[in-house]
Amino acid sequence: MKYLIVAVLGLLVGAALAGVVLYFNPFSVAAAQPSSTGRVLHYTLPDDVLELALGDDAKIFGQATGDDALWEETIDRSAVLGLVLNNDGNQPVAVASRLMAVSPDTDLLFRGVLVSDHWLVTIPGEGTLFVRADSNTWPFLKETLVRIWYLERPWQGPAEYWPTVGPGADDAGVVVGVAGNFRGREGRAVERYELTALDRASGAALAEGELHLDLPGPQVAAQ
Amino acid sequence: MKTLILLTVVLGFGATLAGAHFAPGVTYARVPSHTTVVANGGRSESFLIRLPADRIAATDGNAGGMRALHAAGAMQLPAQLMDQPVLIEHFKVRDADGSVVGVAARHWSIDAGGPTTVWSLLIPSRGSVVLRARGEQRGAVDAALRAKGYAVGKTWDGEVRVAMTGNEPGAVAVGSGEFANLSGTYTESWTLAGVDDAGELRGTIELATVTRAPEASAPE
């Protein structure tokens, strides 16, 4: 009996140590960084949100999903987000649809909690871009969901995140020009966002985000 | 005893990390794919959208016409984009049997080359695919309904079919997962069966795709 208790305690201690390793996760891939020559589209949350539909199992902060809930079993860990994107002068220049789903490639040890993020960005008068990115949400989740929501610790913000970890070369996202001036072009994309305010009591959060696009050709480089 | 402690700690540590690596538990329910092989060797598959049940939202810009009328579910564009020739719509997507399998975004816009429609479909259990076609003329659905007797503010029942891709099919632009590296074509048709007095459309959107995998290189 003594040996059994020791064995169980040993397993629990080992699992707890592994939990600490996973929390800090020194093995996860580094996030991609943007090049210096690309175009940057900006958004702020919640001001630039046109619409958000969440899957029933994607409501990590207990949000209400309203009439647009994605309740079906095949899409219950998905989300649909409509966004206005702004130029460097904070003028609205594009509309984006983001179709997101928790990725089956999620690997808590080496890659993180991955979300497959599919952007369709239309810039009126210029064309349409498709961006596919794997976003590691673990740094955000552990600092907000775990620390603030569950442990009820004070928020230490603001906090900056670079979630893009693939699937393209050098762990950047992939951008493909689908229509208009962008058609036939391919490049890389990286997202950055900064959580500027977070209040657990009211459930309010403010964030500023950027989509860095590096698509060879004068159309994208021009502002 | 020390050996037992050490062994169980290592075992607990290793098993937890292995579980985190191999079994994070992210899988999606999948329904069987309803595909058929067509005469030229391609694979035919249709995706359906039932209106109004599957419409998640649409922008409220002036380019949307009836498809952007409703306050409920409208994505309210900023003033700077209201008059731009752009219409964004979000839907749930069904397979040919009517089961919801994914979500989709439809972007219609006009650029120097004319109207363009781009669909992005995400089927979490299978992957994503982007479709591109020459877009319908602005207000095509409204015009087709009016030609069949629809009047604004009145209910309308009947049947009208609008071929949104016209005579020229669209193309598969890019894909991932099961749709990676596929080439192919698609057609988009809207079959409308009614409009209520608030202008809400009833009907079905069908995306009929014919895709082909890249040919394997011949063995030497």
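Run the helix sum for the protein assembly as shown: -39,500 (n - 2.57) per DSSP H stretch of 4+ residues, divided by residue count, reported at 222 nm to the nearest 500 deg cm²/dmol. Intermediate results must be reported in sequence, preceding the final value.
On the way: 5 runs with 60 residues, N = 443.
Mean residue ellipticity at 222 nm (helix-derived): -4000 deg cm²/dmol.
Work through the residues other than A:Leu129 whose Cβ is under 13 Å from its Cβ and net out their charges, Lys, Arg +1 and Asp, Glu -1.
Working: positive: A:Arg39, A:Arg98, A:Arg132, A:Arg183, A:Arg185, A:Arg188, B:Arg132; negative: A:Glu126, A:Glu186, A:Asp214, B:Asp111.
That works out to +3.
Mean per-residue shielding of peptide A:49-58 is 3, counting Cβ atoms of other chains within 10 Å of each Cβ. Put simply, when B:205-212, A:118-125, A:94-101 are sorted by average Cβ atoms within 10 angstrom per residue, most first, you get A:94-101, A:118-125, B:205-212.
Two-decimal Rg/Rh of chain A from alpha-carbon positions, Kirkwood Rh? Spell out each step's value before the answer.
Numbers: Rg = 19.7 Å, Rh = 19.0 Å.
Reported Rg/Rh, Kirkwood definition of Rh: 1.04.
Of all lysines in the structure, the ones whose alpha carbon falls short of 30 Å from that of B:Lys2, not counting any fewer than 8 places away in one chain, are A:Lys2.
Rank A:Val13, A:Val174, A:Val113 by mean-square fluctuation in a GNM of chain A with C-alpha springs under 10 angstrom and give only the top-ranked residue. Per the Cα network of chain A with a 10 Å cutoff, A:Val13 tops the list.
In this structure, the amide hydrogen of B:Ala173, modeled 1.01 Å from its nitrogen in the peptide plane, lies closer than 5 angstrom to those of B:Val130, B:Leu131, B:Arg132, counting only residues at least 5 positions away or on a different chain. Per residue of B:115-122, other chain Cβ atoms within 10 Å of the residue Cβ number 6 on average. Which one, A:Gly19, A:Gly38, A:Gly157, has the greatest fluctuation when you compute a Gaussian network model over chain A with C-alpha springs under 10 angstrom? With Cα springs under 10 Å in chain A, the top fluctuation among A:Gly19, A:Gly38, A:Gly157 is at A:Gly19. Against chain A, whose longest principal axis is taken from its Cα atoms, helix A:2-24 shows a tilt of about 20°.
What average number of partner chain Cβ atoms lie no more than 10 Å from the Cβ of the residues making up B:124-135? Before the final figure, lay out the partial values.
Numbers: counts 14, 4, 1, 3, 6, 1, 8, 1, 5, 1, 1, 1.
Partner-chain Cβ atoms within 10 Å, mean over residues of B:124-135: 4.
Coordinate-derived values only; no laboratory data. Given the structure is predicted, the values throughout are model-derived calculations rather than measurements. Counting neighbours? That spans all protein chains shown, and the Cβs are built from the backbone with ideal geometry, glycine included.
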